[in-house]
Amino acid sequence: MANLRITMTRMHFGLNFIILIIVSSIYGNHTLDSGKANKSNSNGSAGPSSSAPAANHQPPAAISLIPDEEIAHFVNQSRITTCKFSHPDVRLQWRSPRNTIVSDTKGRVHIEEIGGALLLVFESIVRSDQGSWTCEADTGGSSMKKSFKMIVNEPISFRDTSTVQTATEDKDATIRCEVRGHPEPSVSWYFNGQPLFPPNTKYTALADGLLVKKVSKNDSGEYTCKAFQVSSSGSSFEEKTIRLNIKHRPYFQVARGAYFWGNVTYGYVGGAVNLTCDAVAQPPATFTWSSNNKKFSHKNHIIYSGPHVSMLQIVIKNSTAFGKYKCEAKNELGTISREIQLREGTKPDPPSRFQLRGVNSDTLDIDVGATKSHDVDPDHSTIIGYRFEMIPTEEFAKHRNWDRAHRRDFDVEDGVTYLLVNLIPDTRYLIRVAARNAAGLSDWTEVKEFTTHPLQPHGFNSGAAGPDTGTLLLLRLLTALGSILLSTVVKLKF
């Protein structure tokens with residue numbers, strides 16, 4: 001055994017080191033037993049005489065595998081199994097689960113013969129390796145065999161599963177989530193965090209995803225594909241979240257509120273009005289405006305456009321501006337249109353009251369005499385809000401205009417005052433106010449100047465009232481008494 005030579009070829013050092021350990025474990029015990037026997041004989045201990053028949057020294061014929069237990073492996077792992085026969089001169093061979101003899105001495109699955117042992121080497125395990133692998137010993141006229149079972153597990157994986165997918169309105173769609181693994185994983189589905197229970201009239205689970213029948217824009221959202229796998233070696237869980245976007249034709253947004261007059265908008269001569277068209281679509285719609293079958297262009301009209309909204313500004317120079325205006329929203333799946341009627345309304349009056357109710361370092365509390373009638377339904381002349389503009393006096397003095405003024409819009413509330421917040425401490429502000437109704441804004445009130453308070457020292461309550469006259473007199477009296485007592489103490493001491 002001391003002269004055993006091991007030729008290391010093809011495989012990296014780590015794999016050959018494993019082979020060396022296996023072979024050493026096989027032959028180490030054999031060498032130790034032989035050594036003990038020789039020592040016993042040399043000491044004259046009891047044992048069979050040298051003249052006994054040689055057959056009595058032959059161990060029973062046996063084939064062994066190391067390791068021989070059933071072990072579960074994952075794909076891409078490696079394994080080495082050693083086959084050894086009790087008589088080293090017996091020829092060994094390995095058979096695959098398909099009953100073919102393994103004869104390759106290199107490659108992904110191959111054999112290596114080392115000192116009478118035949119090693120079966122798996123450099124990278126694949127799913128098809130699963131099954132019984134058998135080592136056979138040809139003893140001359142008869143054969144002995146021993147097998148081990150290879151179990152190959154494949155971890156959960158998602159194939160061809162995009163995290164953003166698209167479906168078309170009114171058609172059936174498949175959300176692709178192809179789950180692979182062995183043992184085969186069980187799959188469950190969630191929509192916006194809520195479990196789905198296919199099959200039903202809306203959803204059907206497929207081998208490669210989820211079928212959604214007759215898709216609508218309400219089916220847009222996040223779908224989560226959760227996979228569970230249980231095997232003899234343990235369990236695992238993986239999930240994939242998919243954003244489903246629905247391509248759909250345009251839909252007009254439904255406006256709500258107490259001051260909504262349907263497709264009617266009001267304005268007045270000398271003012272300006274914004275006609276708004278909201279339409280949700282995927283892909284986003286393109287908007288066009290027209291009146292009396294004449295399309296408007298950006299060159300001749302002020303048109304603001306966003307992903308799902310378009311706004312046409314009409315400057316009402318005279319009464320010919322009143323009439324019907326048409327908005328059209330279009331994408332590849334459809335076209336919708338609506339008419340907006342611009343009617344003449346009443347220009348509101350400016351607020352009749354405009355006075356300061358309170359102030360601190362960064363807030364002005366303004367009273368404009370807001371009232372909200374609860375007895376009469378609002379009409380187009382009803383005051384529905386107020387607009388404030390404010391600018392530091394020093395900044396206005398530099399530019400002599402209101403272009404840099406800050407603007408705050410408020411809805412009307414009964415009897416409330418309005419807080420202008422986040423102002424600069426110890427700063428003079430010029431402020432003006434306009435009332436708003438369905439037709440637009442009133443003229444501005446007269447400009448008034450208000451000043452915020454300086455920042456107070458830490459711990460001072462800026463909202464607290466200052467001391468009254470009685471309190472001041474008490475403080476002065478206590479101060480005087482303290483001075484008299486201090487003077488008396490000093491005199492007594494000296």
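The values are calculated or read from the model by the stated rules, or taken from the named source; none is laboratory data. Since the model is a prediction, treat every value here as computed from it, not as a measurement. So basically every Cβ, Gly included, is an ideal-geometry build from the backbone, and we count neighbours across all protein chains shown. The protein model used for the area step is the full one, side chains on, heavy atoms only, and it has no ligands, DNA or RNA in it. Shrake-Rupley method; radii C 1.70, N 1.55, O 1.52, S 1.80 Å.
Counting only strands (runs of 3 or more DSSP E) that fall entirely inside the stretch 128-211 and contain at least 3 residues that are within 24 Å of SER231 (Cα to Cα), the qualifying elements are 131-138, 143-159, 178-182, 186-191.
Return yes or no: is ARG387 assigned to a strand (DSSP E or B), at pLDDT 95 or above and not hydroxyl-bearing (Ser, Thr, Tyr)? The answer is yes for ARG387. The residue of the stretch 390-427 that is least open to solvent (accessible area, probe 1.4 Å), among those that are part of a strand (DSSP E or B) and touching an Asp or Glu at 6+ places or on another chain (Cβ under 6 Å), is LEU419. The residues of the stretch 98-125 that are touching a Ser or Thr at 6+ places or on another chain (Cβ under 6 Å) and touching a residue at least 60 places away in the same chain (Cβ under 8 Å), listed by number, are ALA117, LEU119, GLU123.
Mind listing whichever residues of the stretch 287-335 are open to solvent by less than 90 Å² (accessible area, probe 1.4 Å), hydroxyl-bearing (Ser, Thr, Tyr) and in contact with a strand residue (DSSP E or B) (Cβ under 7 Å, 6 or more places away or on another chain)? If the condition is that a residue be open to solvent by less than 90 Å² (accessible area, probe 1.4 Å), hydroxyl-bearing (Ser, Thr, Tyr) and in contact with a strand residue (DSSP E or B) (Cβ under 7 Å, 6 or more places away or on another chain), then THR288, SER290, SER291, SER305, SER310, SER319, TYR325, THR335 are the ones that fit.
Against the numbered list (1) surrounded by fewer than 19 Cβ atoms within 10 Å (Cβ to Cβ); (2) touching a residue at least 40 places away in the same chain (Cβ under 8 Å), VAL215 comes up short only at (1).
Restricting attention to the stretch 312-343, the residues that are assigned to a strand (DSSP E or B) and under 15 Å from GLY267 (Cβ atoms) total 11. Taking the numbered list (1) surrounded by 13 or more Cβ atoms within 10 Å (Cβ to Cβ); (2) at pLDDT below 90 in turn, PRO60 passes all entries but (1).
All conditions but one from (1) assigned to a strand (DSSP E or B); (2) open to solvent by less than 40 Å² (accessible area, probe 1.4 Å) apply to TYR251; the one that does not is (2). Filter the stretch 302-311 for residues that are outside any strand (DSSP E or B) and at pLDDT 90 or above and give the result. Result: HIS308, single match. Scanning the stretch 166-200 for residues that are more than 16 Å from ASN245 (Cα to Cα), open to solvent by 60 Å² or more (accessible area, probe 1.4 Å) and of a type in the set (Asp, Glu) gives a single hit, GLU184.
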